[in-house]
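In what follows, a single structure is set out as structure tokens and then discussed.
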Amino acid sequence: MELEVIEKDKYNLNLIIRGISLEMINAIRRIILSWVPAMAIDEVIILKNDSPLYDEILAHRIGLIPLKTDLETYRLPADCECGGFGCPSCQVSLTCEVVNDSKNNLIIYSGDLKTNDPNIVPVNPNIPIVKIGSGSSLIFEAYATLGRSRTHIKWQPVSNIFFRYLPNITFESEKCNNCPDKCIVSRMCPEKLYDFSDEKIPILQKDYWKSCTLCNACEKNCPEKAIKVEGENDNYLFFIESDGVLPFNTILKKAFEIFYAIIDEFIEKLEQVEVKE
Amino acid sequence: MIFVIKYFFNNKKRRLKIIIPIRCFSCGKLIAHAYKPYLEYLERGESSEKAYEELGIKRFCCKRMIVAHVDLIDDLLKFPRLQ
């Protein structure tokens, strides 16, 4: 198997993976999407709410705020020694106490949440929670726990994760000499991968495989049948987009840990079963 | 004419999005923090296309969250709560 990083920044990781089967890469994708735990607010106690939003809507908005996660210190409530009742090793408390003394309206941002653990903070301090009028106040207490996105979307560590076949376009530009039309393909391609500025022969971009979506618009519409689009078998482009909840290294490491744990559990259970011959 | 006004009014009442949603409804990407900078970009006279590029919003499901949003919380703040 070969791995190559095309693009990496704070929120995006694009990879080429060569020599992996479709089932395997999809298993990795699904484990990252629904098994890797992340931190999110699960319980909100609202003590005072003068805002125009109802308590339920406010609690829902607070729950959806992504929090930076520390997987080494915290455990899932189901695996914790306390049995899910809430102890310092599976729960973080966040408080918010805002009183608007000014004459203007005040927006309460996620930066106003105060945590008892400095590692567990909202990924962005500029997420608006609610707006309150002058003289009103908002006081609540919230508890964040680890969870899996099989239960609720707020525990999802990535915002988007997908893969596609590595595109391979064979383009025979000699056939373009016979073509009387102005190249329709250069106008049809949604990613504008064909350069037709010299108005004679279209030129395919060198790094077309980065953005080609295998839509086959060029293959279908070329009057001379000069283009053939294929997806390479067992070679994939893998895209991960994160909200900054977990770093990419941790997401991938944890995904493989979970994958091995599931397989081990399966083998263990299989050995216990008596098979009649 | 009266009918038209009534229809428009009812239509406006129905889309009760009070404050910008935290995440995109379709894909779950965080978008609430981008709404204020987006409006600032437009005030400066730049195109929304450039604003989306600068704010890192790529997909059209996230774009419609911002472009179709009507902030009604300022109107609601004029009325005291019934408590």
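What nm distance separates the two modelled labels at residue A:134 and residue A:116, each placed 7 Å from Cα along Cα→Cβ?
3.7
Excluding residue A:169 itself, what net charge comes from residues whose Cβ is under 10 Å from its Cβ, given Lys and Arg +1 and Asp and Glu -1?
So the environment of residue A:169 carries a net charge of -1.
I need A:214, A:15 ordered by Cβ neighbour count within 10 Å, fewest first.
A:214, A:15
Restricting attention to the stretch A:1-67, which trypsin sites (Lys or Arg not before Pro) occupy a DSSP loop and are surrounded by at most 15 other Cβ atoms within 10 Å?
Details: sites: A:8, A:10, A:18, A:29, A:30, A:48, A:61; in loops: A:10.
Hits after loop and neighbour filter: A:10.
Please check: in the Gaussian network model of chain A (C-alpha springs, under 10 Å), which one of A:246, A:204, A:58 has the largest mean-square fluctuation.
Top of the fluctuation ranking is A:204.
What relative contact order, as a whole-number percentage, does chain A give when Cα pairs under 8 Å and 6 or more residues apart are counted?
Here the relative contact order equals 26 percent.
Between the helical axis of A:22-34 and the dominant principal axis of chain A, each derived from Cα atoms, what acute angle in degrees is found, rounded to the nearest 10?
Orientation of helix A:22-34: about 30 degrees from the principal axis.
Grab the Cα-Cα distance for residue A:3 and residue A:150, subtract it from 0.36 nm times how many residues apart they are, and report the gain in nm with one decimal.
50.1 nm
Taking chain A as a Gaussian network, where each spring joins two C-alpha atoms under 10 Å apart, which residue of A:158, A:245, A:99 fluctuates the most?
A:99
Taking neighbour counts of Cβ atoms within 10 Å as a proxy for exposure, in what order, fewest first, do A:197, A:242, A:173 appear?
In order of increasing Cβ crowding within 10 Å: A:197, A:173, A:242.
What residues have an amide H closer than 5 Å to that of residue A:160, excluding those fewer than 5 places away on the same chain, when H is modeled at 1.01 Å from N in the peptide plane?
A:241
Please check: in the Gaussian network model of chain A (C-alpha springs, under 10 Å), which one of A:219, A:232, A:174 has the largest mean-square fluctuation.
A:174
Can you give the helix-only mean residue ellipticity at 222 nm for chain A, where every DSSP H stretch with n ≥ 4 adds -39500 (n - 2.57) and the sum goes over all residues, rounded to the nearest 500 deg cm²/dmol?
Calculated at 222 nm, the ellipticity per residue is -6500 deg cm²/dmol.
As an exercise, identify the trypsin sites (Lys or Arg not before Pro) in the stretch A:91-176 lying in DSSP coil whose Cβ has no more than 12 other Cβ atoms within 10 Å. Can you show the working numbers first?
Details: sites: A:103, A:114, A:131, A:148, A:150, A:154, A:164, A:175; in loops: A:103, A:148, A:150.
Those that pass, being in a loop and sparsely packed, are A:103, A:150.
Given H placed 1.01 Å from N in the peptide plane, which residues other than close sequence neighbours of residue A:64 have an amide H under 5 Å from its amide H?
Residues meeting the amide H criterion: none.
As a footprinting exposure proxy, order A:71, A:94, A:3 by other Cβ within 10 Å, with the fewest listed first. Don't jump to the answer; show the numbers that get you there.
Working: A:71 19, A:94 23, A:3 11.
So the residues, fewest neighbours to most, are A:3, A:71, A:94.
Readers should treat all values here as calculations from the given coordinates under stated rules, not as data from a laboratory. The shown structure was predicted, so the numbers you read here are calculated from the model rather than taken from an experiment. Positions of Cβ are generated from backbone atoms using ideal geometry, with glycine treated the same way; all protein chains shown enter the neighbour counts.
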